[in-house]
Amino acid sequence: MNQKKATGSKVQISKNGPYIVSGDVPLSKEIIGINEGGESIKWEQGQKYPSQGQYALCRCGHSGNKPFCDGAHTKARFDGTETANRQPYLEQAETLRGPTMSLTDVESLCAFARFCDPRGRVWNLVKATDEPLTSKCFVNQTCDCPSGRLVAWDNNTGKPIEPKHEPSIALIEDPSKACSGPAWLRGGVQLIGADGFEYEVRNRMTLCRCGASQNKPFCDGTHASIGFDDEN
């Protein structure tokens, strides 16, 4: 399910250092919006950063100039070793088939955004996708998953149902959990490992910014448990 690569947009992981972003990739913040029950239900546009052709994003979590790198990774002796599974998404995914749609899931990519939880959780909703309202909720919740852990599929066409994203990076803020989250790569931005490995190009993925993920370079939700704060 390769996404078409965004021409010129690239994130190069530096060894034990920052993400080097090139290709004039827009940078902004996106905020997880919740309902009265505290459930994640929408994305809210946050701060937009001035356009830059190239910039370096902190991934050790120690920069005093977040979200940008200030060299703190050297003093902190940051270990940015990439440990994530490098197989293509579909080779890792589990599949749940419903009456009109299916769900693929790679749990290790979970970034703890929690859009999968409302209305009975997507793993249950897929079983009733022949009901129009349930089908709509199912698609919305899978498409709001920033990491791309969850993908909805049309059983008739066999094609994934993906949100439309332009090449961009959003820094996720999670006020209900009082923390800052990962860097959300969108729209087919190429990710390249410190060793030159080209990761599968996808429409959406989330990269660790707190420095503590056990699934680097991807986020594993640790930012929430340690209370990572982009402002500090």
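The values are calculated or read from the model by the stated rules, or taken from the named source; none is laboratory data. All figures in this text were calculated on a predicted structure; none of them were measured in a lab. Please note: Cβ atoms are built from the backbone with ideal geometry, for glycine as well, and neighbour counts cover all protein chains shown.
In table form, for the structure just shown:
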{"item": "Sole residue being within 16 Å of residue 232 (Cβ to Cβ) and not aromatic (Phe, Trp, Tyr), chosen from 66, 48", "result": "66"}
{"item": "Single condition residue 102 does not satisfy, out of (1) in contact with a Lys or Arg (Cβ under 7 Å, 6 or more places away or on another chain); (2) closer than 22 Å to residue 146 by Cβ; (3) of a type in the set (Ser, Thr, Tyr)", "result": "(1)"}
{"item": "Out of 176, 135, 147, sole residue that is assigned to a helix (DSSP H, G or I) and not assigned by TED's automatic domain parsing to the domain that holds residue 68", "result": "135"}
{"item": "Close pairs (7 angstrom Cβ cut-off, 6 or more residues apart or separate chains): surrounded by 16 or more Cβ atoms within 10 Å (Cβ to Cβ) in segment 145-168, of a type in the set (S, T, N, Q) and in a loop (DSSP other than H, G, I, E, B) anywhere", "result": "148/203; 162/203; 165/203; 167/9"}
{"item": "Condition met for residue 142 (touching a Pro at 6+ places or on another chain (Cβ under 8 Å), of a type in the set (Ser, Thr, Tyr) and on the phi < 0 side of the Ramachandran plot)", "result": "no"}
{"item": "Sole exception among (1) part of a strand (DSSP E or B); (2) under 22 Å from residue 162 (Cβ atoms); (3) among the small types (Gly, Ala, Ser) for residue 56, by number", "result": "(2)"}
{"item": "Criterion (under 22 Å from residue 202 (Cα atoms), free of Cβ contacts under 8 Å to residues at least 60 places away in the same chain and part of a loop (DSSP other than H, G, I, E, B)) met by exactly one of 7, 81", "result": "7"}
{"item": "Matching entry among 78, 112 (being in the same structural domain as residue 133 (by TED's automatic domain parsing), modelled with pLDDT of 95 or more, over 27 Å from residue 159 (Cβ atoms) and surrounded by 13 or more Cβ atoms within 10 Å (Cβ to Cβ))", "result": "112"}
